[in-house]
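Written below as structure tokens is the structure these notes are about.
The values are calculated or read from the model by the stated rules, or taken from the named source; none is laboratory data. Computed from a predicted model, the values in this text were never measured in an experiment. All Cβ positions, glycine included, derive from the backbone under ideal geometry; neighbour counts span all protein chains shown.
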Amino acid sequence: MHEPELQGIAKGKEQKKYEFGNKSSFATWQGGIFVGALAFENNPFDRHTLEPQLVQVEKLTGLKPKYAIVDMGYWAQS
């Protein structure tokens, strides 16, 4: 049995082909203060999670980020 909102996520790594959970996105300021957090359904590509996170940060802080630092998953997927 598992929680119905959990989904299998293909990792594509030899040592860890799958994991279960939800895709999440977190935004922090340079000092490590969290300014945004989102959970996504249906395991979207990493690149498709960036824009909603930036919109949330602007809505919550009133400031539009000038740049974002992301991992390689944002550019490796289409």
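Can you tell me which of Pro52, Pro44 is within 18 Å of Trp75 (Cβ to Cβ) and either modelled with pLDDT under 85 or touching an Asp or Glu at 6+ places or on another chain (Cβ under 9 Å) (or both)?
Criteria check complete, one pass: Pro44.
Would you check which residues across segment 22-70 are surrounded by 13 or more Cβ atoms within 10 Å (Cβ to Cβ), under 8 Å from the mean Cα position of the chain (by Cα) and hydroxyl-bearing (Ser, Thr, Tyr) and list them?
Those that are surrounded by 13 or more Cβ atoms within 10 Å (Cβ to Cβ), under 8 Å from the mean Cα position of the chain (by Cα) and hydroxyl-bearing (Ser, Thr, Tyr): Ser25, Thr49.
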